[in-house]
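A.B. asks: What follows is a structure written as structure tokens; I'll ask about it next.
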Amino acid sequence: MAEYAGIIINNDSVQVDKPFTYKIKEEFKSNISLGHRVKVPFGKGNRQVEGFVIELYDSLNKSNDFRMKSISSLIDNEPILTDNDLKLILFMRKRYLCKYIDAIRVMIPPGIMRGGREKTKSSVFFVLKDKGLLRENYSKALDIIEKNSGLYTKTELNKFYNISMYTINKLQEKGFVEIKDVQVQRVDNRVFENYEKRILNEEQTLALNKIVNSQYRVFLLKGVTGSGKTEIYMNLVEKTIKNNKSALILVPEIALTPQMIERFKGRFGPDVAVFHSRLSDGERFDEWFRVKEGRVKLVIGARSAIFLPFKDLGLIVIDEEHEATYKSEMSPRYNTKEIAEYKSILNSCKVILGSATPSVESYYRALNEEIELVEIKKRANAKAMPDMHIVDMREELRVQNKSMFSRLLYSKIDDRLKKGEQIILFLNRRGFSSFVSCRKCGFVFKCKHCDVAMTYHNNGFLTCHYCGVSEKIRKTCPSCGSIYVKHFGTGTEKVENEIKRLFSNARVLRMDVDTTRSKNSFEKIYNDFKNKQADILIGTQMISKGLDFENVSLVGVIAADMSINMPDYKASERSFQLITQVSGRAGRGEIGGDVIIQTYNPENYTLNYIKNNDYEGFLREELPLRKAMNYPPFSKLLLIGISSKFENELIDFAKKLGSELSSLLEDYGNLEILGPCPCAIQKIKEMYRWQILIKGEVNEIIANIIKERVYDFSKDVYNNIRIILDVNPNSLI
Ligand code: ADP
Ligand code: ZN
Ligand code: ZN
């Protein structure tokens, strides 16, 4: 029996990020196991704090234990973390350079961490008893209660069935009903329209069989938009549930994918758990236990659902696997796909990565046969892909059209409004960064060293925020000599005003961060548009996700350059994905569709491959570029983000840390240190931001050496300076 336990204290400090050894009192020895949550005395004052048992030992190899503290109590009867959870915690700490407690916290919902409890209500139960001479109005009420025994409180019975309080109390007095506490399920029990099973077409059948029969564990399911990937997921889920195992469907963001829930609940009934970070603590508590106790077999969730305590996980689907939301931007900065793969090893289950436009990294892995590629090339209902048009905005300038709509887009909008068909206008807008380009020839100012667009600053300078090189903005274009050199930027609101000015009768909806701030606002806009309450939907990234509108026959991409020229090495990849996704919104119903992409740079290779729907072609150009610049998937990036309220102190520290790391990494020839330099967004919420980027073969061992050194080096400034470490960050903005 174990005598000692290694315990992780529930505390944020880096200094306590290690197991502390405690003695196990006699009374707990037979109960305690790995993963138990305990109370222990901690620190000089021996304050009682929460901790987690991650190690158990029979003896200590070091000296004696006579001053060692003991565990005070076990918080739960059973361990809250499973053996697999403990493995995952170690995996995450090593891979993402996070603290133990960060990893533990994503596995246990906050409702439980804060000592949450089940919610109960006092429900009215029917008691079987001879009614005898019960008066008629009592006996009528009793009939209703019999049918709804245990479902409602007195107040609810009164509200729903108009039974008076007096009547219920009388019935209780006479012993015909009794009041008992029952647990309330704080879960969404809405019933959805039945989503009928489709007969798979030939391509779908082949894809499904390939997945089912393959020896591979991880699959990249690449299917054009509308190819019916969801139907394949559903078939796999059905098989999984038949085998008495659980299935997990991950989507980029629950609020943005109402259709997924509609369809799955419509097919598998209401017993589908939905899990995401916008649930209340209580709701998350209930869903967590529903999963832990095996009361639901299917979960649809956002990335945090990957940590749910499944009993026997049989399938993980990651839909729209290329989406950036699968990488967490908060500690632990994990990559959901990596966690899914690790879990699939622990559970020996399959992982399906689905997308019309896979991430370059997943596709590269498929090319290298690390994962298996499964393709669907045709739309499920044999509908044609939309017609793609690229419009040269320089040409518009030449004919004196200075509006944000090209002549083609204007006339198509006009046409669709007349026909009563719907239109989506898309504008990519992220962060605050903007680039500078020539409106006459399309030239974009880029950093020669890093091949990313330089960022415009109000002080008249352009900066590369990968390496820090900075130069004064030129008034004329170095390529064609024109004076139409301008920084780029327009918002959805501006587009909306312009539409209202040009098409005063059009009914317009706008979907962006401003209009979707409140709960359910996204769903309302989505439903209004679906129910044809509006002609035009103007939106950002949000509208690119799995929305299936039958009546949309025109998609306009207002300014493709805004995504192509993001200051990010993934700008082309993201543009391909985003523009293809929005284009896929056109022509999903009986009517065909047009997609109009406006740009000042029509020669851009990405746009041309988008036009031809040629993802392989795009990759054949993109991969060598990545290789030449040594960006992922050919390298790893480790971002060290440093921020502070005190600018001078920050700059001073960043520079010192930079040289410290340079000398540390001298011996590792294949690592490059970029910076320190200011981030693209130099200040957020009063915090100045700098970064150091390490590029190359940053394997786990080296990454952990760097981590140790960074924390060691920053011990003395810890109060004023905040440091984050991010392995293969999403974006460098
Ligand atoms: P994806 O997720 O690949 O973009 P969906 O799963 O949304 O595609 O499918 C697109 C449309 O085709 C949906 O309306 C779906 O109901 C329909 N569909 C899918 N598979 C079939 C099939 N085998 N037969 C008929 N319709 C199908
Ligand atoms: Zn020019
Ligand atoms: Zn640079």
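The values are calculated or read from the model by the stated rules, or taken from the named source; none is laboratory data. Just so we're clear, the structure is a prediction, and the values are computed from it rather than from any experiment. Cβ coordinates were reconstructed from backbone atoms using ideal geometry, including for glycine residues, and neighbour counts include every protein chain displayed.
A.B. asks: Taking Phe549 as meeting all but one of (1) without any contact (Cβ under 8 Å) to a residue 40 or more places away in the chain; (2) within 30 Å of Phe264 (Cβ to Cβ), write down the number of the exception.
C.D. replies: (1)
A.B. asks: Just to be sure before I move on: is Ile705 over 25 Å from Ala571 (Cα atoms), in a strand (DSSP E or B) and not assigned by TED's automatic domain parsing to the domain that holds Glu321 in the structure I sent? Steps first, please.
C.D. replies: On the way: over 25 Å from Ala571 (Cα atoms): yes; in a strand (DSSP E or B): no; not assigned by TED's automatic domain parsing to the domain that holds Glu321: yes.
No; evaluated as a whole, the condition is false for this residue.
A.B. asks: In the stretch 670-702, how many residues are in contact (Cβ under 8 Å) with a residue 40 or more places away in the chain, of a type in the set (A, V, I, L, M, F, W, C) and under 12 Å from Ile640 (Cβ atoms)?
C.D. replies: Qualifying residue count for the region: 8.
A.B. asks: Looking only at the stretch 692-708, count how many residues are on the phi > 0 side of the Ramachandran plot and of a type in the set (D, E, K, R). Give the steps one after another, and end with the answer.
C.D. replies: Applying the first criterion (on the phi > 0 side of the Ramachandran plot) to the stretch 692-708 yields 696.
Next, from what is left, pick out any that are of a type in the set (D, E, K, R): none.
Going through the stretch 692-708 one residue at a time, the tally reaches 0.
A.B. asks: Continuing with the same structure: Do we have Phe503 as touching a residue at least 12 places away in the same chain (Cβ under 8 Å) and either over 15 Å from Asn565 (Cβ atoms) or out of contact with any helix residue (DSSP H, G or I) (no Cβ under 7 Å at 6 or more places or on another chain) (or both) here? Steps first, answer last, please.
C.D. replies: Working: touching a residue at least 12 places away in the same chain (Cβ under 8 Å): yes; either over 15 Å from Asn565 (Cβ atoms) or out of contact with any helix residue (DSSP H, G or I) (no Cβ under 7 Å at 6 or more places or on another chain) (or both): yes.
So Phe503 passes the test.
A.B. asks: Among the residues of the stretch 447-473, what is the count of those that are exposed (fewer than 12 other Cβ atoms within 10 Å of the Cβ) and either of a type in the set (Lys, Arg) or in contact (Cβ under 8 Å) with a residue 12 or more places away in the chain (or both)?
C.D. replies: Our first condition is that a residue be exposed (fewer than 12 other Cβ atoms within 10 Å of the Cβ); within the stretch 447-473, this holds for 448, 458-460, 472.
Narrowing the set further to residues that are either of a type in the set (Lys, Arg) or in contact (Cβ under 8 Å) with a residue 12 or more places away in the chain (or both) leaves 448, 460, 472.
Looking only at that region, the number is 3.
A.B. asks: Additional query: Restricting the search to the stretch 175-208, which residues are surrounded by fewer than 15 Cβ atoms within 10 Å (Cβ to Cβ) and at pLDDT 80 or above?
C.D. replies: Gly175, Glu178, Ile179, Lys180, Glu196, Lys197, Arg198, Ile199, Glu202, Thr205, Leu206
A.B. asks: Could you tell me whether the stretch 255-269 includes any residue that is over 19 Å from the mean Cα position of the chain (by Cα), assigned to a strand (DSSP E or B) and closer than 20 Å to Lys197 by Cβ?
C.D. replies: Checked against the condition, which is being over 19 Å from the mean Cα position of the chain (by Cα), assigned to a strand (DSSP E or B) and closer than 20 Å to Lys197 by Cβ, the stretch 255-269 yields no hits at all.
A.B. asks: Follow-up question, since we're still on this one. Has the stretch 425-432 got any residue that is at pLDDT below 85, within 15 Å of ligand 3 (Cβ to nearest atom) and not assigned by TED's automatic domain parsing to the domain that holds Ala324? Quick ask: steps written out before the conclusion?
C.D. replies: Let us first name the residues in the stretch 425-432 that are at pLDDT below 85, namely 428-432.
Adding the requirement that they be within 15 Å of ligand 3 (Cβ to nearest atom) leaves none.
The answer is no, given that none of the residues of the stretch 425-432 is at pLDDT below 85, within 15 Å of ligand 3 (Cβ to nearest atom) and not assigned by TED's automatic domain parsing to the domain that holds Ala324.
A.B. asks: Are there any helices (runs of 4 or more DSSP H) wholly within the stretch 141-254 with 1 or more residues that are within 16 Å of ligand 1 (Cβ to nearest atom) and not basic (Lys, Arg), and if so which? Give the derivation first.
C.D. replies: On the way: elements: 154-161, 165-173, 202-213, 229-242.
Because the criterion is at least 1 residues that are within 16 Å of ligand 1 (Cβ to nearest atom) and not basic (Lys, Arg), the helices (runs of 4 or more DSSP H) in the stretch 141-254 that meet it are 202-213, 229-242.
A.B. asks: Among the residues in the stretch 689-699, are any within 27 Å of Ile564 (Cα to Cα), touching an Asp or Glu at 6+ places or on another chain (Cβ under 6 Å) and not β-branched (Val, Ile, Thr)?
C.D. replies: yes
A.B. asks: From the set of residues in the stretch 631-652 that are in a helix (DSSP H, G or I) and surrounded by 16 or more Cβ atoms within 10 Å (Cβ to Cβ), which is farthest from the chain's Cα centre (by Cα)?
C.D. replies: Our first condition is that a residue be in a helix (DSSP H, G or I); within the stretch 631-652, this holds for 647-652.
Applying the additional criterion that residues be surrounded by 16 or more Cβ atoms within 10 Å (Cβ to Cβ) yields 650-651.
On the way: Leu650: 31, Ile651: 32 Å.
Filtering the stretch 631-652 for residues that are in a helix (DSSP H, G or I) and surrounded by 16 or more Cβ atoms within 10 Å (Cβ to Cβ), the one farthest from the chain's Cα centre (by Cα) comes out as Ile651.
A.B. asks: Could you tell me which of the residues Ala506, Ala534, Ala453 is within 16 Å of ligand 2 (Cβ to nearest atom) and of a type in the set (Gly, Ala, Ser)?
C.D. replies: Result of the check over Ala506, Ala534, Ala453: Ala453.
A.B. asks: For the stretch 279-396, please list each of the strands (runs of 3 or more DSSP E) lying entirely inside it that holds at least 1 residues being outside the structural domain of Pro109 (by TED's automatic domain parsing) and within 23 Å of Ile89 (Cα to Cα). Quick ask: steps written out before the conclusion?
C.D. replies: Details: elements: 298-301, 313-319, 350-355, 372-376, 387-392.
So the answer is 298-301, 313-319, 350-355.
A.B. asks: So which pairs qualify, if the first residue must be in the stretch 199-212 and closer than 16 Å to Thr240 by Cα and in the same structural domain as Leu315 (by TED's automatic domain parsing), the second must be more than 9 Å from ligand 1 (Cβ to nearest atom) and assigned to a helix (DSSP H, G or I), the Cβ gap must be under 8 Å, and the two must be at least 6 apart or on different chains?
C.D. replies: Within 8 Å, the pairs are Leu208/Asn235; Leu208/Leu236; Ile211/Leu236; Val212/Leu236; Val212/Lys239.
A.B. asks: Any residue that is hydrophobic (A, V, I, L, M, F, W, C), within 16 Å of ligand 3 (Cβ to nearest atom) and in contact with a Phe, Trp or Tyr (Cβ under 8 Å, 6 or more places away or on another chain) - is there at least one of those in the stretch 693-701?
C.D. replies: Narrowing the stretch 693-701 to residues hydrophobic (A, V, I, L, M, F, W, C): 693-694, 698, 701.
This time we only want the ones that are within 16 Å of ligand 3 (Cβ to nearest atom), so: 693-694.
With the extra rule that they be in contact with a Phe, Trp or Tyr (Cβ under 8 Å, 6 or more places away or on another chain), the set shrinks to 693.
Yes.
A.B. asks: Does Gly116 satisfy being of a type outside the set (Lys, Arg), at pLDDT below 85 and surrounded by 18 or more Cβ atoms within 10 Å (Cβ to Cβ)? Quick ask: steps written out before the conclusion?
C.D. replies: Numbers: of a type outside the set (Lys, Arg): yes; at pLDDT below 85: yes; surrounded by 18 or more Cβ atoms within 10 Å (Cβ to Cβ): no.
When the stated conditions are applied, Gly116 does not pass them.
A.B. asks: Only one of these is away from ligand 1 (no atom under 16 Å from the Cβ), of a type in the set (Val, Ile, Thr) and out of contact with any Phe, Trp or Tyr (no Cβ under 9 Å at 6 or more places or on another chain): Ile499, Ile473, Ile525. Name it.
C.D. replies: Numbers: Ile499 fails: out of contact with any Phe, Trp or Tyr (no Cβ under 9 Å at 6 or more places or on another chain); Ile473 fails: out of contact with any Phe, Trp or Tyr (no Cβ under 9 Å at 6 or more places or on another chain).
Result: Ile525 is the single residue among Ile499, Ile473, Ile525 that is away from ligand 1 (no atom under 16 Å from the Cβ), of a type in the set (Val, Ile, Thr) and out of contact with any Phe, Trp or Tyr (no Cβ under 9 Å at 6 or more places or on another chain).
A.B. asks: In the list Glu283, Glu320, Glu231, Glu293, which residue meets the criterion of being acidic (Asp, Glu) and within 19 Å of Asn520 (Cβ to Cβ)?
C.D. replies: On the way: Glu320 fails: within 19 Å of Asn520 (Cβ to Cβ); Glu231 fails: within 19 Å of Asn520 (Cβ to Cβ); Glu293 fails: within 19 Å of Asn520 (Cβ to Cβ).
That would be Glu283, the only listed residue that is acidic (Asp, Glu) and within 19 Å of Asn520 (Cβ to Cβ).
A.B. asks: I'm trying to understand the selection: among the residues of the stretch 659-692, which are among the polar types (S, T, N, Q), within 16 Å of ligand 3 (Cβ to nearest atom) and either under 25 Å from Met92 (Cβ atoms) or assigned to a helix (DSSP H, G or I) (or both)? Quick ask: steps written out before the conclusion?
C.D. replies: Restricting attention to the stretch 659-692, the residues satisfying the condition of being among the polar types (S, T, N, Q) are 659, 662-663, 670, 682, 691.
Among the residues that remain, those that are also within 16 Å of ligand 3 (Cβ to nearest atom) are: 682, 691.
Residue satisfying the conditions is Gln691 alone.
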